[in-house]
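Engineer: Structure below; questions to follow.
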Amino acid sequence: MEIGAPRGTKDILPASSLHWQYVEAMVRAICRTYAYQEIRTPVFEHTELFQRGIGETTDIVSKEMYTFTDRGGRSVTLRPENTAAVVRAYLENKLYSAPQPTKLFYVGPMFRYDRPQAGRLRQFHQFGVEAIGAKGPGIDAEIILLAQQFFHRLGLKDLKLYINSVGCPKCRPVYRTRLQQALRDKLPELCDDCRSRFDRNPMRILDCKNEKCNELSQGVPEMTDCLCEECATHLTELKSLLTAAGAKYELNPRLVRGLDYYTKTAFEIQYPPLGAQSAVCGGGRYDGLIEEIGGDQTPGIGFAIGLERVLLALEKQGILADTKESIIVYIAVADKNCQPLAFNMLTKMRQAKIACDMDYLDRSLKAQFKQANRNMARFVAVIGEAEAAQNKVAVKDMQSGEQFLMTAEDFIEKILAEMEDDGLRWTQC
RNA sequence: GUGGCUGUGGUGAAGUGGUUAACACGACGGAUUGUGGCUCCGUUACUCGAGGGUUCGAUUCCCUCCAGUCACCCCA
């Protein structure tokens, strides 16, 4: 094998594409019940959009972007996440002139130049939701519930929902300073990472996995103690809404989001068995983002769910069955010169929307039966000289083993009748 | 980007410094004359991740690279 798939990318083969379809169907179903509509934005954008939207100092922008110069000399970037792009599309297409809020969802590939490991790929897929134009905590609760219900409907258990408030431009700087004051004299004892975080993003020190750092940060003021009145009320109301909806959550004052644009509500859903990459959903409010990208001050909130991680979780819980799409009929050719006749019948069946297949490798009749069996065909229709002479086919029911001689037309009719009974008929597209 | 572990056929895996690289599954073919799922038989690695050494000789020893994996970082 000379050329393999690029590092951190994966082919999704038929065995698992059915699982993907299952999850994607759930995405559409849940969004339908919560009244979110699909938006599809380009997979690449002007680099500047992400630099401004996500923040120059973030890891994503500073070291994880797939950026290149196109033939026209423009710097473009494969989207590392989709919120900035959705907001861009919202402004560019003037979606704000429609009744608000604008409730959108998306599913698609994202790209981050990271070192791959289980649950972390360079091309991965996210399902995300954005509600733009509502500032109250009600929409926050709706979005969190949507995410929770998504997992619930898929059948996932043992998920943990953490919520927090990361404040706003009024109270966060105050907290930041207080935090730095509290940690300043402990600085030499912190790990290397935390020392570099001290200036850039001191709140990150609070969820450092290093035990020493963890110990040192005990007793330090929490964000939730330093919120301004508006942010504090927002959080209180959100909590009571979640409780009213019967949602189980845990307040985690040390939950931080990695992207610059978050304000107020931040939340994360984890599936602990996934190990280091256990976050399956991350989201929060971004009241400053739209202005940053050039719109009027407009509130927004959203989340992103990593679909590869969802699939891993489903696998871990044994929810994904080994499935294969079956066919209704396999047409077997007993004499080579009957192939045109068989092919004609195959075509007619397909026009009648009956899932069927036949052999193109000139296999023996026995081998064709084996093939039919593997494809889980309900019936095998044998066409040979004997059948052709009578203008009929030999239809074998692969479950009962019974075999009948009938015309192709009668056979098609019989199947169509059964399909209606069994609900086997494929849905119309 | 940093560190640990790993890399044998389509898959799961044995194995050794020196003729023909176990075994299992799968795939393909066959078990008398046109019929599957069970059973039986046969076939299926002329680069043992790639490149370079050491050696009379390396799949087995060394180096580099690549890939996977786990952890860190970060995040979905």
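Engineer: Working from Cα positions, state the angle (0 to 90°, nearest 10) between the long axis of helix A:83-92 and the longest principal axis of chain A.
Structural biologist: Around 90 degrees separate the two axes.
Engineer: Go through A:13-25, A:36-48, A:375-387 and give me the packing order, highest mean Cβ count within 10 Å leading. Numbers along the way, then the final one.
Structural biologist: Numbers: A:13-25: 13.4, A:36-48: 15.2, A:375-387: 20.0.
Top to bottom by mean Cβ count within 10 Å: A:375-387, A:36-48, A:13-25.
Engineer: On to the next question. Over the stretch A:261-416, what is the percentage of antiparallel beta bridges among all DSSP beta bridges, to the nearest 5?
Structural biologist: Numbers: 19 of 27 bridges.
The answer is about 70 percent antiparallel.
Engineer: Ignoring everything except DSSP H segments at least 4 long, calculate the 222 nm mean residue ellipticity for chain A; use -39,500 (n - 2.57) per segment, divide by total residues, nearest 500. Show your work: numbers first, answer last.
Structural biologist: On the way: 15 runs with 163 residues, N = 429.
Estimated from H runs of four or more residues: -11500 deg cm²/dmol.
Engineer: Something else: Which of A:Phe411, A:Val395, A:Met358 sits farthest toward the positive end of the charge dipole of the stretch A:329-421, with +1 on the Cβ of Lys and Arg and -1 on the Cβ of Asp and Glu?
Structural biologist: A:Met358
Engineer: Can you give the angle from 0 to 90° between the axis of helix A:365-374 and the longest principal axis of chain A, with both taken from C-alpha atoms, to the nearest 10?
Structural biologist: Around 30 degrees separate the two axes.
Engineer: Can you tell me, using C-alpha contacts under 8 Å and at least 6 residues apart, the relative contact order of chain A as a whole percent?
Structural biologist: Details: 686 pairs, mean separation 61.1, N = 429.
Dividing the mean separation by the residue count of chain A yields 14 percent.
Engineer: Let me ask you something else. Please determine, in degrees from 0 to 90 and to the nearest 10, the orientation of helix A:137-154 with respect to the longest principal axis defined by the Cα atoms of chain A, where the helix direction is its Cα long axis.
Structural biologist: Roughly 40 degrees between the two axes.
Engineer: If you don't mind, another one. Arrange the peptides A:302-308, A:246-252, A:312-318 so that the one whose residues have, on average, the most other Cβ atoms within 10 Å appears first. Present the calculation step by step, with values, prior to reporting the outcome.
Structural biologist: Values: A:302-308: 21.9, A:246-252: 13.1, A:312-318: 16.0.
Result, highest mean Cβ count within 10 Å first: A:302-308, A:312-318, A:246-252.
Engineer: A further question on this structure: Which Cα, out of A:Gln126, A:Leu156, A:Ile143, lies furthest along the positive dipole direction of the stretch A:88-239 (beta carbon charges, K/R +1, D/E -1)?
Structural biologist: A:Gln126
Engineer: Put a dot 7 Å past each Cα toward the Cβ at A:Asn93 and A:Glu38; how far apart are the dots in nm?
Structural biologist: Placing both labels 7 Å along Cα→Cβ, they lie 1.3 nm apart.
Engineer: Same structure again: Could you tell me what % of all Cα pairs in the stretch A:329-421 have separations over 20 Å? It would help to have the intermediate numbers written out before the result.
Structural biologist: Details: 1113 of 4278 pairs.
That tail contains 26 percent of the Cα-Cα pairs.
Engineer: Taking the Cα atoms of chain A, report the difference between the largest and smallest coordinate on each principal axis, in whole Å and largest first.
Structural biologist: Between the extreme Cα coordinates on each principal axis of chain A lie 95, 50, 47 Å.
Engineer: Place a +1 charge on the Cβ of each Lys and Arg in the stretch A:329-421 and a -1 charge on the Cβ of each Asp and Glu, then give the dipole magnitude about the Cα centre in debye, rounded to the nearest 20.
Structural biologist: Values: 12 positive and 14 negative charges, 77 e Å.
For this selection, approximately 360 debye.
Here, each number is a calculation from the coordinates, and none is a lab measurement. Computed from a prediction, not measured in an experiment: that's the story for all the values here. Heads up, the Cβs are rebuilt from the backbone with ideal geometry, glycines too, and the neighbour counts pull from every protein chain shown.
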